[in-house]
1. Here are some residues: Thr233, Thr222. Which one is of a type in the set (Val, Ile, Thr), out of contact with any Pro (no Cβ under 6 Å at 6 or more places or on another chain) and more than 16 Å from the ligand (Cβ to nearest atom)?
2. Which of the residues that make up the range 170-192 are over 16 Å from the mean Cα position of the chain (by Cα) and either under 19 Å from Leu87 (Cα atoms) or surrounded by 18 or more Cβ atoms within 10 Å (Cβ to Cβ) (or both)?
3. For the subset of the range 190-205 comprising residues that are in a loop (DSSP other than H, G, I, E, B) and touching a strand residue (DSSP E or B) at 6+ places or on another chain (Cβ under 7 Å), which member is farthest from the ligand (Cβ to nearest atom)?
4. Does Gly216 count as within 16 Å of the ligand (Cβ to nearest atom) and open to solvent by less than 30 Å² (accessible area, probe 1.4 Å)?
5. Considering only residues that are within 16 Å of Thr100 (Cβ to Cβ), surrounded by fewer than 22 Cβ atoms within 10 Å (Cβ to Cβ) and of a type in the set (A, V, I, L, M), which ones fall in the range 255-279?
6. Does the range 26-39 contain at least one residue that is surrounded by 13 or more Cβ atoms within 10 Å (Cβ to Cβ) and touching an Asp or Glu at 6+ places or on another chain (Cβ under 6 Å)?
7. Using the structure shown, decide if Leu239 is in a strand (DSSP E or B) and either open to solvent by less than 60 Å² (accessible area, probe 1.4 Å) or free of Cβ contacts under 8 Å to residues at least 24 places away in the same chain (or both).
8. Within the range 155-164, does at least one residue satisfy the condition of being open to solvent by 50 Å² or more (accessible area, probe 1.4 Å), more than 16 Å from the ligand (Cβ to nearest atom) and closer than 19 Å to Arg229 by Cα?
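The values are calculated or read from the model by the stated rules, or taken from the named source; none is laboratory data. Note that the structure is a prediction, hence the values are computed from the model and not measured. Virtual Cβ from ideal backbone geometry, glycine too; neighbours counted across all protein chains shown. Protein only, heavy atoms only, side chains kept; ligands, DNA and RNA dropped before computing areas. Shrake-Rupley method; radii C 1.70, N 1.55, O 1.52, S 1.80 Å.
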Amino acid sequence: MSESVDLQAMLRAAREQLAGRSDSAGLDAELLLAAALGKPRSFLYAWPDHQPTSSVRERFADSIRARAAGQPVAYTLGSKEFFGLDLAVTPAVLIPRPDTELLVEQVLERLDAGSTATIADLGTGSGAVALALARHLPAARVLGTDSSAEALKVARANARELRLEVDFLRGDWCAPLGDASVDVLVANPPYVAEGDPHLAELAAEPLAALVSGPEGLDALRTIIGQSPRVLRTGGWLVLEHGFDQGGAVRTLLAEAGFSGVTSARDLGGHERVSLGHRP
Ligand code: GLN
């Protein structure tokens, strides 16, 4: 006795349900409806008056309810696109952000496509940065470290799925690298300050991947402190940070003896990545 409802009507109702709860209500509704149907998003435009089965409607209703309660779309879909890679994500890992593609670009700008450099991604999470680098630098040796065993499971599954070779090691930042001599260290560490109101929107993601001390600088400071030990002479340290942390991170890099310290801006025009090399 269920009345028939078409895709167009379902999207309209879902957009209304998400209004004020998501700043991308229309897109979220489309992605979740396409997933509930098991079809590409283009299906929604091609067949707006398609009337899905009740099981599709229930699946969609559940996912819209979860989204309205704060669950990110990527966790419902179980995947997120990053630097052209389709990555599996779970609540054990931070969802890769478009801004982090700048981090990958800054490393790629400094190496040849045939580079045999050793690169380590610290706090690799889903493996996003390490895997993007492995894809574009097939001759490089890429390592990824993370303190979370659950995150490393996700990263290893992504490497298998994408057929990319990255060695994932468990431990804090540089610790699992031992006395390795690395050409490039790259990291998107937690850099949000404790108590930052912005955290309310990020409640579904792992706190350890987001928050780091009263100014959000604790992990960045630790990594900058550890890195000269594992970085070869001339090697680069490339760090993502908050939109207002460029000055602080450049100072930390300079104090730790790095040369050529500079920052790069993200799509929003904010300083987002700072780097230097070990003289
Ligand atoms: N860029 C993320 C955000 O503010 C934070 C990621 C991080 O702390 N590494 O949404």
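1. Thr233
2. Listed by number, the residues that qualify are Trp173, Cys174, Pro176, Leu177, Val182, Asp183, Val184, Leu185.
3. Glu194
4. yes
5. Those that are within 16 Å of Thr100 (Cβ to Cβ), surrounded by fewer than 22 Cβ atoms within 10 Å (Cβ to Cβ) and of a type in the set (A, V, I, L, M): Ala264, Leu267.
6. No, because not a single residue in the range 26-39 is surrounded by 13 or more Cβ atoms within 10 Å (Cβ to Cβ) and touching an Asp or Glu at 6+ places or on another chain (Cβ under 6 Å).
7. On the way: in a strand (DSSP E or B): yes; either open to solvent by less than 60 Å² (accessible area, probe 1.4 Å) or free of Cβ contacts under 8 Å to residues at least 24 places away in the same chain (or both): yes.
Here the answer is yes, as Leu239 does meet what is asked.
8. For the range 155-164, residues open to solvent by 50 Å² or more (accessible area, probe 1.4 Å), more than 16 Å from the ligand (Cβ to nearest atom) and closer than 19 Å to Arg229 by Cα: absent.
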